[in-house]
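Below you'll find the structure, written out as structure tokens, and then a few comments.
The values are calculated or read from the model by the stated rules, or taken from the named source; none is laboratory data. These numbers come from a predicted model, not from an experiment. Cβ placement follows ideal geometry from the backbone for every residue including glycine, while neighbour counts extend to all protein chains displayed. Please note that ligands, DNA and RNA were not included when accessible areas were found on the heavy atoms of the full protein model with its side chains. Shrake-Rupley method; radii C 1.70, N 1.55, O 1.52, S 1.80 Å.
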Amino acid sequence: MSLTLANRTLAWDWYNGTIPKNVFLEDEAYLETTYSFYHYRSRAVEGLRVGSGATVYLGTMFDVGPRGRISIGRYALVNGAWIICDRAVEIGDYALISWNVVLMDSYRWPVDPDARRLELQRAAGRARKRPAGKIPARPVRIGRNAWIGFDCCILPGVSIGEGSIVGARSVVVENVPPFTLVAGNPARVIRQIENDEHPALT
């Protein structure tokens, strides 16, 4: 990782931004652009950690609230995902997150229609138009060596088990067991992934 420590910039970056001070990039981690932090507001001691050899490509957005924390494991690849995090999002080692995936640990807006309408009215008067209500956040966890297909949405509180695959354009509303293929809206189990299809990792 060619990080200019003096000003926390990326030598190749097309965007004139910096890496926040509470973001940590381990050896050989790659971040394509600081534009990924346009919506980043975490004030946690460690708001984001990108593991050794992990890759974060163009189009990935870290939409992280003040108390949010994201961890990306070793050699994971995130390609153009939108990560909404008000509490915790964990992406395991060797995980593959395809383009246009949404990982969200919070809905941010009230589910109740009356409360939502009131919050929308209040947000109209704010400069950044963000909701200010305290909507509960539930951590999202993507297991080691899991693969999330393009255009998927992983909803609050969901854990994707180690070695599992989520088919393209699926909406995942409940936990996925390890070594399981799921797909659909809502996502349903298609089949188990056999041992000989999934070589062991070190």
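Some notes on this structure:
- Along its three principal directions, the equivalent ellipsoid of the stretch 106-199 from the Cα gyration tensor extends over semi-axes of 35, 12, 11 Å, largest first.
- Accessible surface of the chain [probe 1.4 Å, protein heavy atoms]: carbon and sulfur percent: 54
- Approximating the spin labels as points 7 Å out from Cα along Cα→Cβ, the Y38-to-R130 distance works out to 1.5 nm.
- Between G59, N22, P113, the Cα set farthest toward the positive side of the dipole of the chain (charges on each charged residue's Cβ, about the Cα centre) is that of P113.
- Computed lengthening from R117 to N22, 0.36 nm per intervening residue step minus Cα-Cα distance: 30.7 nm
- Dipole magnitude of the stretch 27-157, debye to nearest 20 (Cβ charges: Lys/Arg +1, Asp/Glu -1, about Cα centre): 700
- q = 0.16, 0.30 Å⁻¹: log10 I(q)/I(0) that the Debye formula gives for the stretch 100-155, counting C-alpha atoms only: -0.64, -1.16
- Neighbour-limited loop hits for GluC sites (Glu not before Pro), the stretch 25-106 (at most 12 other Cβ within 10 Å; DSSP other than H, G, I, E, B): E46
- By DSSP, the beta bridges lying fully in the chain are antiparallel in about 15 percent of cases.
- With viscosity 1.567 mPa s and temperature 4 °C, the Kirkwood radius over alpha carbon pairs of the chain converts through Stokes-Einstein to a diffusion coefficient of 74 µm²/s.
- Kirkwood Rh (inverse of mean 1/r, distinct Cα pairs), the stretch 39-100, angstrom: 11.3
- For the stretch 1-90, chymotrypsin sites (Phe, Trp or Tyr not before Pro) meeting the loop criterion (DSSP other than H, G, I, E, B) and having at most 11 other Cβ atoms within 10 Å: W12, W14.
- Stretch in the chain that is longest and holds no trypsin sites (Lys or Arg not before Pro) that DSSP places in a loop and that have at most 10 other beta carbons within 10 Å: 22-125
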